[in-house]
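Only one structure is covered here, and it is reproduced in the block below.
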Amino acid sequence: MAEKPTPASSEPKRSTTTIHDQKLLRGAGGELHQTADPNTPVLTTAQGGPVADDQNSLRIGPRGPLVIDDFHFREKIFHFDHERIPERVVHARGYGAHGFFETYESLAAYTRADLFQRPGEKTPAFVRFSTVAGSKGSFDLARDVRGFAVKIYTKEGNWDLVGNNIPVFFIQDAIKFPDMVHSVKPEPDRGFPQAQSAHDNFWDFISLTPESMHMIMWLMSDRAIPRSFRFMEGFGVHTFRFVNAKDQSTFVKFHWKPKLGLQSVAWNEAVKINGADPDFHRRDLWQSIQSGNFPEWELGVQLFDQEFANSFDFDVLDPTKIIPEEILPVQPIGRLVLNRMPDNFFAETEQVAFMTQNVPPGIDFSNDPLLQGRNFSYLDTQLKRLGGPNFTHLPINAPKCPFTHFQQDGHMAMRNPVGRANYQPNSHGEGPRETPTRGYRHFPADEQGTKARLRPQSFADHYSQARQFYISQTGAEQRHIASALTFELSKVEIAVIRERMISHLLNIDETLAMTVAEKLGFQDMPKPADAAMPTRQDLEPSPALSIVERGPKRFEGRKLGILITDGVDANLLKGLTHAIAKEKAVCELIAPKVGGVTASDGKWLEADHMIEGGPSVLFDAVALLTSPAAMDDLVKEATARDFVADAFQHCKFIGYDPSALPLLEKAGVAGAFDEGVLALPGEEGLSAFVAELGKLRVWGREPSVKLGKASPQVL
Ligand code: HDE
């Protein structure tokens with residue numbers, strides 16, 4: 001009988017759908033009809049009428065024309081014709097999941113928000129992760145910002161924390177948003193490139209917008225190519241306010257910290273993942289939640305007052321700035337667990353409407369001009385996308401606390417006020433009433449000034465934190481930023497745009513500017529860009545900004561790809577899969593044929609992928625559990641050689657059975673062995689390999705790896 005080592009994967013096998021054998025009736029034209037029986041419901045029209053035949057339209061004679069009496073045909077096609085709604089103008093490609101938020105301690109001293117009053121209280125939540133630039137059908141591993149939008153259904157109304165995985169933004173004023181987005185989207189005359197920032201229009205806009213330089217450093221870093229939604233941070237970006245029962249305000253910045261730590265992929269790997277599995281991030285979230293490995297983040301806050309805010313040269317209202325964690329630590333205040341996939345993607349993930357203005361009493365806005373602009377945009381955009389003002393009636397958007405108001409009518413009204421009074425005050429004693437004590441009170445900020453279109457001087461430093469971000473990265477991460485800038489600018493056709501960018505980089509880090517200019521083939525260096533304020537050289541590195549520095553140091557939640565062949569050492573495989581399961585990680589088996597292989601003990605092992613369908617870019621590390629007999633054929637397989645060569649290039653750990661040495665050699669890896677390529681047999685070999693996996697990548701290997709000449713990422 002077929003046997004699969006059970007600890008290898010706690011994930012469901014390929015299909016989770018139950019197959020029902022049903023009685024089939026054959027029609028005169030040979031078509032098959034499944035008919036209702038006591039176990040299956042009757043198919044009806046949308047009006048509830050039972051349907052007799054769903055495969056043949058009503059017609060005159062067997063070969064004659066169709067007739068308009070066919071209300072079932074007309075209703076079915078009509079509905080299909082209207083299935084699509086406009087995709088989001090940005091963040092069109094997204095993936096959502098349900099879960100809960102759990103409060104750690106009472107925050108009553110800072111906020112009267114009901115969800116932060118009682119330790120241990122759980123509040124339902126829905127999260128949608130997204131890319132920004134690409135359309136709904138684009139690939140997951142674009143170099144892009146990721147949206148991290150959280151809807152928490154509190155007892156005092158929905159709180160939407162609509163954040164990103166990068167804590168700063170491109171622009172300082174919402175009025176620039178349409179320009180910024182137009183520039184990154186496909187160029188309007190040609191309709192490409194899709195889901196990419198590597199083109200003239202984007203870099204033209206950026207090079208003319210110095211305030212974007214800090215964001216550009218993040219976008220060119222590995223933060224923009226995350227390995228999984230589960231391994232990303234999230235940020236509220238803006239400064240918000242907590243307001244307590246005494247109407248006292250504390251400024252707050254929100255952070256989501258993934259329990260499994262941070263991790264990204266290499267650019268060369270991202271490009272290949274997009275081909276191998278364009279749904280890589282979706283599948284990852286789906287698989288982990290379906291298999292009971294629920295991703296988790298801690299919500300942290302940076303709390304400060306006006307006096308602390310005044311201690312900085314920059315403005316805390318400027319969304320292109322961060323407050324380094326080393327200066328103001330992030331305090332954990334609760335956790336978010338995602339434990340259920342939506343029943344239906346469209347009904348929930350597509351129709352969910354996030355709005356920054358959704359805040360419960362106790363959470364308020366600051367005067368960040370980007371945030372204030374967003375507070376208009378999100379309500380406005382839902383009307384277009386969801387087609388009317390009643391999108392709050394959709395279950396995914398409706399509050400989970402009681403709600404009563406006098407709003408009525410409009411397209412698709414499902415919950416109109418009942419009774420005679422649809423206004424208040426009224427003398428009928430009907431309907432809801434105001435509650436001055438419990439209701440939302442805006443923070444009574446004292447505002448005055450002259451009405452004008454202006455930008456404060458406190459927003460003028462565009463380079464200091466860009467430099468701080470860059471110097472906070474490890475050597476490998478800095479190399480990646482230089483490679484990303486080189487790749488992106490190499491796609492820019494207009495030379496003056498490339499020059500402008502180099503002149504900005506000169507204000508951030510001279511070595512970075514020189515490296516990129518050299519790789520782009522500059523003959524002469526341009527002058528540094530004219531800066532509104534000189535770059536501060538005294539800002540200390542912030543290790544919290546580096547992914548590698550904050551690495552999880554464990555393999556939990558990651559995936560090992562095991563390449564097996566006929567004759568695979570059954571004990572070795574069993575030992576490895578057990579050890580990986582103990583790390584709370586997952587294995588998948590890759591074999592020359594997806595049907596499987598016969599192991600050394602004569603048992604049949606079913607595979608998860610054939611080699612072409614399971615390239616090593618889909619895994620965090622690989623093991624080669626081959627046998628001498630299978631090697632002759634395997635070394636001839638280009639896909640097997642790529643499996644190894646890519647894993648090596650992408651600095652992954654490789655464990656191998658000695659029989660795999662010829663494959664390593666043919667893949668060009670032999671002779672270049674380093675501490676990340678480990679022989680497996682024996683208890684010790686196995687545990688050493690598994691212990692090393694926690695480092696996730698051997699970035700030290702990178703400078704010695706020579707990628708092909710055609711590769712954009714020549715190191
Ligand atoms: Fe958005 N943004 N945004 N944005 N944004 C939208 O709303 C907008 C900004 C973010 O999964 C839109 O429902 C303006 C910053 C996320 O459904 C739209 C400005 C941050 C999502 C919109 C910004 C974000 C959106 C498009 C400049 C991080 C996806 C569809 C002032 C803090 C939410 C929609 C989801 C979506 C406007 C800038 C995050 C048009 C005008 C900064 C995660 O309303």
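Some notes on this structure:
- Residue within segment 672-687 that is under 24 Å from ASP222 (Cα atoms) and touching a residue at least 40 places away in the same chain (Cβ under 8 Å) present: no
- Qualifying residue in segment 130-140 (condition: within 26 Å of HIS393 (Cβ to Cβ) and near the ligand (Cβ under 9 Å from one of its atoms)): yes
To keep it simple, each residue is scored yes or no on (1) touching a Phe, Trp or Tyr at 6+ places or on another chain (Cβ under 9 Å); (2) within 14 Å of the ligand (Cβ to nearest atom).
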| residue | (1), (2) |
| --- | --- |
| GLN372 | yes, yes |
| LEU383 | yes, yes |
| LEU394 | no, yes |
| PRO399 | yes, no |
| PRO402 | no, no |
| GLY410 | no, no |
| PRO436 | no, no |
| ARG453 | no, no |
| GLN457 | no, no |
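- Residue in segment 188-195 that is surrounded by 23 or more Cβ atoms within 10 Å (Cβ to Cβ) and within 12 Å of the ligand (Cβ to nearest atom) present: no
- Being charged (D, E, K, R), modelled with pLDDT under 95 and open to solvent by 10 Å² or more (accessible area, probe 1.4 Å) holds for only one residue in ASP601, ASP633, ASP674, and it is ASP674.
- Of all residues making up segment 82-108, the number that are open to solvent by less than 100 Å² (accessible area, probe 1.4 Å) and without any contact (Cβ under 8 Å) to a residue 24 or more places away in the chain: 2
- Residue check for PHE280: out of contact with any helix residue (DSSP H, G or I) (no Cβ under 6 Å at 6 or more places or on another chain), assigned by TED's automatic domain parsing to the domain that holds GLY362 and among the aromatic types (Phe, Trp, Tyr): no
- Matching option when the condition is open to solvent by 10 Å² or more (accessible area, probe 1.4 Å) and touching a Pro at 6+ places or on another chain (Cβ under 6 Å), among GLU549, GLU556: GLU549
- Pair list, Cβ < 6 Å and 6+ apart or interchain, from segment 495-512 residues that are free of Cβ contacts under 8 Å to residues at least 40 places away in the same chain to residues that are in a helix (DSSP H, G or I): ILE502/ALA513; ILE502/ALA517; LEU505/LEU512; LEU505/ALA513; LEU506/ALA513
- Verdict on VAL162 being hydrophobic (A, V, I, L, M, F, W, C), within 15 Å of the ligand (Cβ to nearest atom), open to solvent by 10 Å² or more (accessible area, probe 1.4 Å) and in contact with a helix residue (DSSP H, G or I) (Cβ under 9 Å, 6 or more places away or on another chain): yes
- For segment 222-262, the candidate set comprises residues that are away from the ligand (no atom under 16 Å from the Cβ) and among the polar types (S, T, N, Q); within that set, the residue that is surrounded by the fewest Cβ atoms within 10 Å (Cβ to Cβ) is GLN248.
- Inspection of segment 321-339 finds a residue satisfying the criterion of being under 23 Å from the mean Cα position of the chain (by Cα), surrounded by 17 or more Cβ atoms within 10 Å (Cβ to Cβ) and within 13 Å of the ligand (Cβ to nearest atom).
- When segment 604-630 is filtered for residues that are closer than 18 Å to LEU573 by Cα, open to solvent by 20 Å² or more (accessible area, probe 1.4 Å), assigned to a loop (DSSP other than H, G, I, E, B) and touching an Asp or Glu at 6+ places or on another chain (Cβ under 8 Å), only ASP608 remains.
- Against the list (1) within 9 Å of the ligand (Cβ to nearest atom); (2) open to solvent by less than 10 Å² (accessible area, probe 1.4 Å), the condition ILE363 fails is (1).
- The number of residues in segment 81-136 being closer than 30 Å to VAL184 by Cα and outside any loop (DSSP other than H, G, I, E, B) comes to 10.
- Filter result (within 14 Å of the ligand (Cβ to nearest atom) and open to solvent by 20 Å² or more (accessible area, probe 1.4 Å)) within segment 165-187: PHE169, ASP173, ALA174, ILE175, LYS176, PHE177, PRO178, ASP179, HIS182, LYS185
- One residue alone among ALA466, ALA513 is among the small types (Gly, Ala, Ser) and touching a His at 6+ places or on another chain (Cβ under 8 Å), and that residue is ALA466.
- Restricted to segment 152-194, and to residues there that are part of a strand (DSSP E or B) and among the small types (Gly, Ala, Ser), the residue that is farthest from VAL316 (Cα to Cα) is GLY157.
- Among the residues of segment 530-541, at least one is surrounded by 16 or more Cβ atoms within 10 Å (Cβ to Cβ) and closer than 30 Å to GLU692 by Cβ.
- Scope segment 346-360; condition open to solvent by 50 Å² or more (accessible area, probe 1.4 Å) and more than 13 Å from the ligand (Cβ to nearest atom); matching residues: PHE346
- Scan of segment 451-470 for residues that are over 25 Å from PHE202 (Cβ atoms) and not small (Gly, Ala, Ser), ordered by number: LYS451, ARG453, LEU454, PRO456, GLN457
- Positions within segment 586-598 being surrounded by 22 or more Cβ atoms within 10 Å (Cβ to Cβ) and either in contact (Cβ under 8 Å) with a residue 40 or more places away in the chain or assigned to a helix (DSSP H, G or I) (or both), in sequence order: VAL586, CYS587, LEU589, ILE590
The values are calculated or read from the model by the stated rules, or taken from the named source; none is laboratory data. Please read all numbers here as calculations on a predicted model, not as lab measurements. Quick reminder, even Gly has a Cβ in these numbers, built from the backbone with ideal geometry, and neighbours come from all protein chains shown. The protein model used for the area step is the full one, side chains on, heavy atoms only, and it has no ligands, DNA or RNA in it. Shrake-Rupley method; radii C 1.70, N 1.55, O 1.52, S 1.80 Å.
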